[in-house]
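Laboratory data are not the source of any read-out in this text; all were calculated from the coordinates shown. Model, not experiment: these values are computed from the prediction. Here the Cβ positions follow ideal geometry from the backbone for every residue, glycine too, while neighbour counts run over all protein chains shown.
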């Protein structure tokens, strides 16, 4: 239980103080059945029989040196002697309303109002909640709910019923009751693998994978906010979806999967489906090529089984301590394909580029909004003195950048819109080397490149009635290009328009 300090101001009744306090405690820890308030000279315990409604039982404690307040409480107790109990002892005075053995009556609130007038209540209270919901949360029920609602994510927060992310919108459960911090804390302890609960207790955050047999996996992220535990689940089905099930073009994806060396990056913003796309790509390689695939993830998300390939999945924290150490070691494990869960720092990126340069196929993810900006984003992780060398290495080893956005469909659901940057013509390679995003983008539009802009992909989805006009414009990088495609006035930009700039 966390302790809160709340300034309530002057002229507040005790019932108003309780309402203010309950709103703060509920947001942080869940809904309590008991609230404890105190300052230097007054302690108040308020209880109720359920988790809603007014508090029905009150206990006031005042120390001996506050004679005036003790006398005020005694006068109220005498006025309501059939309802309240009052005693003095060696430590001070205690008023109970209703007294033990006396049933609740609405007259309790009359007595509270008299106490609020007779005793000058403090402006600042210390407070804590108690007696929260303790019923265990069924993890199986949560997983089945995610499947039923087709939710990508689930959020558990104290004071709220579970929140599901469906088609990128958050929706509160109308069936499940609001949760308490105690319930969430117990759930995290129950499902965390060995070592991860200790990490959560020590560092106030942890991330791990959980498997609900027969239903699916989840990437679990647990953290503390305002002193209370919170938890999110990213749902991952047991069966890895195919390219067709993901509504992504099989021709381009199979072309990527047949690449034997170099660097492939799958990019997009958080929640755009990068992890699932990478899993489908690896699954196709696993089923169609005889290679050794080594993955380095934090944590392992989609779980693969050996098919035509040998697949080794390593999790940070359990199997290896860092991405850099894992990639360096991977080169001694005879891999053909290396998956790096995320390129998040200069050391990891440097190791990934070196692995790609030595003849391995390296696949990784990165947060970015467009494919054309990825090269500069990668380079930005490095010190200025290293950037020219990194650009040179990137030009030579980069094979493709795939960027994706999930676009709402008419009638509900979402469909991926994709952008492919294939490093297959000189202007694109030159753009990577120079750090010239405009040149890269113009190069992607040349007919001799296999690259595809978001605008072209969205235009195709629009013509197939899979997205409407407004969504197509909204999710385009350059709305004017999309509009030209719709009107039939689009022309491929000339390379010399950049060279002359």
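Expected output is a single nm value to one decimal: the length gained when fully extending between residue 494 and residue 469, i.e. 0.36 nm times separation in residues minus the C-alpha distance. What is it? Working shown, then result.
Numbers: separation 25, 0.36 × 25 = 9.00 nm, distance 2.72 nm.
Answer, rounded to one decimal: 6.3 nm.
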Debye sum, Cα scatterers, segment 139-237, no solvent: what log₁₀ I/I(0) at q = 0.10, 0.20 1/Å? -0.24, -0.99
Compute the FRET efficiency between residue 65 and residue 105 as 1/(1 + (r/R0)^6), taking r as their Cβ-Cβ distance and R0 = 30 Å, and round to the nearest 0.05. 0.40
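In segment 139-237, what percentage of the DSSP-assigned beta bridges are antiparallel, given to the nearest 5? Write out the running numbers ahead of the final one.
Details: 29 of 30 bridges.
Once the DSSP bridges in segment 139-237 are tallied, antiparallel ones form about 95 percent.
Over all alpha-carbon pairs in segment 4-130, figure out the percentage whose distance exceeds 20 Å. Display every interim value, and only then the final one.
Numbers: 3241 of 8001 pairs.
Result for the distance tail: 41 percent.
Could you sort the peptides 422-429, 383-390, 253-260 by per-residue average Cβ neighbour count (10 Å cutoff), highest mean leading? Don't jump to the answer; show the numbers that get you there.
Numbers: 422-429: 19.1, 383-390: 12.1, 253-260: 16.4.
Ranking, from highest mean packing down: 422-429, 253-260, 383-390.
Compute the Kirkwood hydrodynamic radius of segment 376-417, taking the inverse of the mean of 1/r over all pairs of distinct Cα atoms, and give it in Å to one decimal. Before the final figure, lay out the partial values.
Values: mean 1/r = 0.0770 Å⁻¹.
Value: 13.0 Å, from the Cα pair sum.
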Can you tell me the relative contact order of segment 1-160? Whole percent, Cα pairs under 8 Å, sequence separation 6 or more. 34
Segment 389-501: relative contact order as a whole-number percent, Cα under 8 Å and 6+ apart: 23
Label-point separation (nm) for residue 211 and residue 167, each offset 7 Å from Cα along Cα-to-Cβ? 3.4
Highest mean first, how do 35-44, 226-235 rank when packing is the count of other Cβ atoms within 10 Å averaged over residues? 226-235, 35-44
Between the alpha carbon centres of segment 362-396 and segment 230-281 the gap in Å comes to 21
Where does the chain land on Rg(C-alpha)/(2.2 N^0.38 Å)? 1.32
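Hey, what did segment 139-237 get for relative contact order, percent, Cα under 8 Å, at least 6 apart? Could the numbers behind the result be given before it?
Numbers: 180 pairs, mean separation 26.6, N = 99.
In percent, rounded to a whole number, it is 27.
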When a footprinting reagent is the concern and you count Cβ atoms within 10 Å, what order do 114, 274 take, fewest first? 114, 274
Output the 0 to 90 degree angle, nearest 10, between the alpha-carbon long axis of helix 67-79 and the longest principal axis computed from the alpha carbons of the chain. 80
By average C-beta atoms within 10 angstrom, highest first, the peptides 410-416, 453-459, 325-331: 453-459, 325-331, 410-416
